[in-house]
Amino acid sequence: MTIPRFELHVPTSVAEASELLRRYPGEAVPYAGGTELLQTMKLGLASFEHLVDVKRIPALAGIAVQPGGWLRIGATTTHREIERSALVGERLPALRLLERQVANVRVRNTGTLGGNLCFAEPHSDPAAFLLAAGARVRLGSAEGERELDVDAFIAGPLFTDRAPDELLLDVRVPPARPGRGHGFAKLAFFERPAASVACRIDVAEGAIADARVAVASACESPVLLERVGQTLVGARGADLDDALGAAVEAARHDVETFDDVNGSADYKRHLVGLLLRAAATSAYEEATRA
Amino acid sequence: MNASRHRRDETLETLRGRDGDAARRSPPPAPIGLPVARADGRAKVTGEARYVADLTLPGLCHARLLRSPYAHARVVSIDTTAAAAHPGVVAVVTAADLPDVHLVYGHAVADHPLIADGKVRYAGEPVAGVVAEDLATATEALALIEVTYEPLPHVVDAAAALAPEAPVLHAKAGEQRPHRGFEEDIARAHPNVCSRSVQAWGDIEEAFGRAAVVVEGTYRYPMAYAYAMEPYTAMASFEAGGLTVWTSAQHPYMVRDDLARCFGLPLSAVRVVVPYVGGGYGSKSYTKIEPLTAALALRARRPVRLALSVEEAILTTRGDAATVSVRTAFDAEGRILGRDARIVLNSGAYAENSPLVARKAANRLGGPYRIPALRVESLAVYTNTAPASSFRGFGAPQATFAGESQMDEAAARLGLDALELRRRNLLSPGEPPWAKARGFDADLAADLDLAARELGWGAAAPGHGQAICVSMSDAGSEPITTAIVRVHHDGSVTLMCGSTEIGQGSATVLAQIAAGEMGVDLARVHFLNSDTAAVSYDRSTGASRTTTLMGLAIQAAARDARAQLCGWAQETLAPDGPAVVEERGGVRIGDRVHDWGAVVRAWFGTASGEVVGRGYLRRSGATAEMPPFYELGCVGIDVSVDEETGVIRVDRMVTIGDVGCAINPRLAEAQDVGAAIMGLGMAMREELLYDEAGNLLNGNLFDYRVPRFSDVPEMRPLLAERRDGVGPYGAKGGGEGALNPVAAAIANAVERAAGIRLREAPFTPERVWRALRERDSR
């Protein structure tokens, strides 16, 4: 495989990067880890004459807890950095577990969270997690900044709400707190996962007060299954198992799966149910842990 | 190096030489039989090893290929004007530019144009080549070539290709070539039948007429890719009236012969050089991109390198997919009465080596059993898919999956232990499997016992299932091999032979044989191989033949060198007696010992000169009978099945390497471990998938999954050394056998663990899940 020729730009500010993207309409693209982009270019599926390397922009880097307890992860943070972050490990152990299973160590060392989200790959486990977690993304350009839900940002398979001259600045995850738990489960038989399910559960006074369920890989695009989360609300201790059964049925009904090398749509619906049970159980356990 | 790390079957090492050959029983001279480190290990792990892609030449150009987007189409026109005018492009080459080249090659059936000639027969077939100053320029120019295609109806499934109205790939049959290696005429019962082989004896109707139990089924083995880390790479240069090609090829002499024919050159004017090779597994046997690379160099008038990507390599050669329909008849005591089978191979767009794979699949379907009546018809069928060819195991994985599945199915029906059923049918040592074949050179009953002991047969943990399966391959190909052993005036040795080191360890093992035979330190043996202008002929590196057959040729060459040296010693050092006595590493005359270097120096009269020992091997003497040897497989497996997801977990694999004599036990074990893991890949995950339009859906390493280390179970490789092979010190080939029984062993073990019978590999989670659901609905 040969990568087509391109010019590499290395801006150091969001404004400078945005200006470059605007200068070469249709010919320029932001470039971070390149694990998806360069592969796509090598395969001849995309070609760009200008790559705008965003890794030297300080505003896009770092992991930090913000006032109010929101966890901010800069767009150019690599999967490996998230996997090894003590902050992430403390506050979102399910995200660390997820990141530890992303692709392979070479991809994790290079690939970034921002790149992963902007590529909107259907098999994005981080997207599923962030959807369930209710995370928000910030976008910036020479014009200014805006913030939106991950759900609104991922517009479809390989398609986001990012304007061509915008950069994804960071992702912000709502605060971890007592009574809240996150869970994640996936099955991978080949390089890309067959199905992944993420879940966030809030427990109040012994009952599930809120539940969010997201699926990736099995469907065309990472998706939040809102009705499925609702079937869990109100469940407590003894009837949790029944509620889980109902949620599994709802998930299998609501998820729009498709046939591919991982298996048929039917089989993937079956897997989504299994994974939902596992992810919701671990989220509930975390939420109810003293 | 710790020899005790290597677990050999000491208790059974009873040295059962079939004909009581005393020489075969004597302990081999060191370093033969020792687990010495790989000769090429350090160079490979440090990056010092140079592969074809690392080589360069003054004025070297780089090539890229334009490939067909259609599975089957007429090429109406190709306009290369814009590409040729692109700055940096040296030449653009299509079939029309090669009137002086014999375009069609093929060692079995000559049907393969080196570049599409008016028609494309699979998506991905090369249509044009661009030679440029650099790869990026060549890639850019590809987009400037305009090809007009007229699409034709296509067929990707072998059964569909045999339908009366199926699209025909080859309007006329390809020319049969002398190297075809199989005896049949190409039967054109249907124009898409590339070859038809039959293996038959006994009265099949009578056998089934008196059967107590008949098992019947159809078994599917996947279309697989023999992933080698190094994709096909070649570099060609015409100079001084000749052609030199550096290539990652297993059989340099076969490639030389095809190149000579394509370019109308005498064999002596074609030089094929094989440097380090990054894995072969059969996929680099015979000719691949060498004629095309040379044609590009011819038109460019410059040296050219063509280095394929993995994606392109998958489009170049794959393994034959097989549908094996078979029924086996047993009497009430479990003796096999007869086996009746039809093998249909999906062999892709060109014959490559599939006719021989079809032949061998037919030979190997009987397994290592005594079968009074057998009838196997085996077809290699053309389809509009990437061409299939040799693949480690060579028809045996496909055949053994069917045959060994049926042994366990029959055992269940007969109420017999699966190993006991096998014991009742195994060939005895010395017993030929079919008329005129060499007598069986192994004791598989003893191997079964070994595997059973190591696996803990009959003591599977709750929820687990176990199985042990065996295979037999008529191996070794043709015993046509030469070797040269040169002893220099300092006593060091150069070993020259045409065997290719493809990672299997021949550079180490063959040097060990030469060192042992000449009685010199291994460090003083230098190995030179796979350069058709520098070393002498070897037919091929395949069929697990190198240690056995090249080993014999090296023994002969060493004997020839020693005989000459003894004569020289007598003539020069003791013309009037006493008689020279040969000793390890030299000669003794009276009470004085002279090493080989001293003999050379004495004969030439100064510190110079050398002796050249020659070894020839052909169908004669010990290697008169065919096959030269049988390669055995014996694999035990322990599995469990996740009932919810259908994921099979392989917990343990036991392999018995029945290699007669392990010249290097460490390498012999590594070959078995590698082969078993490769078998695991195809049993569990590997399968190339085509869509209806004839496009390969997963022709890349993201979607086509070869095993990772995390997929590898606990491996227990054992060696059985009974000195019962035809090779040096009773050696016989290994390295493929442990692959062959894996799929059947997993299927049989899964049957015991979960009560489902899998007849279609790979055993993907979904296939297993569906079988579990079907079981539950019964």
>> If the elastic network links every pair of Cα atoms under 10 Å, which of A:56, A:23, A:269 fluctuates the most in the Gaussian network model of chain A?
In response: A:23
> Of all the C-alpha pairs in the range A:7-52, what % are more than 17 Å from each other?
Replying inline: 29
> Counting partner chain Cβ atoms within 10 Å of every residue's Cβ in B:299-307, what's the average?
Replying inline: 0
> Hey, fewest Cβ within 10 Å first, where do B:274, B:768, B:214, A:105 land in order?
Replying inline: A:105, B:214, B:768, B:274
> Relative to the present Cα-Cα distance, how much length would full extension add between residue A:241 and residue A:65 at 0.36 nm per residue of separation?
Replying inline: 59.9 nm
> Toward the positive end of the charge dipole of the protein assembly as shown, about the Cα centre and with charges on Cβ (Lys, Arg +1; Asp, Glu -1), which of B:639, B:480, B:291 goes farthest?
Replying inline: B:480
> Counting only Cα, what are the radius of gyration and maximum Cα-Cα distance Dmax of the range B:650-693, in Å?
Replying inline: 15.2, 50
> Out of A:236, A:96, A:277, any idea which swings most in a Gaussian network model of chain A, alpha carbons joined below 10 Å?
Replying inline: A:236
> Picking from B:600, B:503, B:513, whose Cα lies most toward the positive end of the charge dipole for the range B:478-621 (charges on Cβ: Lys, Arg +1; Asp, Glu -1)?
Replying inline: B:503
> To the nearest 0.05, how large is the calculated FRET efficiency for residue B:54 and residue B:133 if R₀ is 22 Å and r is the Cβ-Cβ distance?
Replying inline: 0.70
>> Can you tell me the length gained on complete extension of the stretch residue B:649 to residue B:581, counting 0.36 nm per residue apart and subtracting the Cα distance?
In response: 18.4 nm
>> Name the residue from B:704, B:728, B:754 whose Cα lies farthest towards the positive end of the charge dipole of the range B:698-778, charges +1 on Cβ of Lys and Arg and -1 on Cβ of Asp and Glu.
In response: B:754
> With contacts defined as alpha carbon pairs under 8 Å and 6 or more residues apart, what's the relative contact order of the range A:1-123 in percent?
Replying inline: 25
> Quick one: Cα centre-to-centre distance for the range B:693-746 and the range B:328-394, in angstrom?
Replying inline: 19
> Given +1 on the Cβ of Lys and Arg, -1 on the Cβ of Asp and Glu, and no further charges, what dipole in debye does chain B carry about its Cα centre, rounded to the nearest 20?
Replying inline: 760
>> Could you check the spin-label model distance between residue B:697 and residue B:42? Points 7 Å from the Cα along Cα→Cβ, value in nm.
In response: 5.0
> For the protein assembly as shown, what mean projected area does the convex hull of the alpha carbons give, in nm²?
Replying inline: 47.7
> In deg cm²/dmol and to the nearest 500, what is the mean residue ellipticity at 222 nm of the protein assembly as shown if only DSSP H runs of at least 4 residues count, each as -39500 (n - 2.57), divided by the residue total?
Replying inline: -8500 deg cm²/dmol
>> Checking the a/c ratio against 1.5 first, then a/b against b/c, what shape does the Cα gyration tensor give for chain B?
In response: oblate
>> Using only the Cα atoms of the range A:183-288, what semi-axes does the equivalent ellipsoid have when each is the square root of 5 times a gyration tensor eigenvalue? Give whole Å, largest first.
In response: 25, 12, 11
>> Test of understanding: ordering B:170, B:526 by Cβ neighbours within 10 Å, fewest first, what list do you get?
In response: B:526, B:170
> Quick one: if the Förster radius is 35 Å, what FRET efficiency do residue A:45 and residue A:226 give, using the C-beta to C-beta distance and rounding to 0.05?
Replying inline: 0.60
>> Quick check for you: which residues of the range B:484-505 have the amide N under 18 Å from the point 7 Å beyond the Cα of residue B:572 toward its beta carbon?
In response: B:485-494
> Taking the Cα-to-Cβ direction at residue A:7 and at residue B:775 and moving 7 Å from each Cα, how far apart do the two end points lie in nm?
Replying inline: 6.3
> Quick one: length gained pulling residue B:757 to residue B:165 fully straight, 0.36 nm per residue minus the C-alpha distance?
Replying inline: 209.7 nm
>> To the nearest 20 Debye, how big is the dipole of the range A:183-288 about its Cα centre, given +1 on the beta carbon of each Lys and Arg and -1 on that of each Asp and Glu?
In response: 160
> For the pair residue A:159 and residue B:614, how long in nm is the line joining their label points, each one 7 Å along Cα→Cβ?
Replying inline: 7.4
>> Going by Cα centres, the range A:100-123 and the range B:400-476 are how many Å apart?
In response: 47
> To the nearest 20 debye, what charge dipole does the protein assembly as shown have about its Cα centre, counting +1 at the Cβ of each Lys and Arg and -1 at the Cβ of each Asp and Glu?
Replying inline: 1640
> Under the definition of Cα pairs under 8 Å and six or more residues apart, what whole-number percent is the relative contact order of chain B?
Replying inline: 16
> Listing B:284, B:44, B:172, B:732 from the residue with the fewest other Cβ atoms within 10 Å to the one with the most, what is the order?
Replying inline: B:172, B:44, B:732, B:284
>> Under the rule a/c < 1.5 gives rounded, and otherwise a/b versus b/c splits prolate from oblate, where does chain A land using the Cα gyration tensor?
In response: prolate
> Over what distance in Å are the Cα centres of the range B:233-265 and the range B:642-685 separated?
Replying inline: 36
> Using the Cα gyration tensor of the range B:478-621, with a ≥ b ≥ c the square roots of its eigenvalues, what is the shape: rounded (a/c below 1.5), prolate (a/b larger than b/c) or oblate (neither)?
Replying inline: prolate
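Every number in this text was worked out from the coordinates using simple rules, so none of it is lab data. Everything quoted here is computed from the prediction, not taken from an experiment. Glycine also receives a Cβ, built like all others from the backbone with ideal geometry; neighbour counts cover every protein chain displayed.
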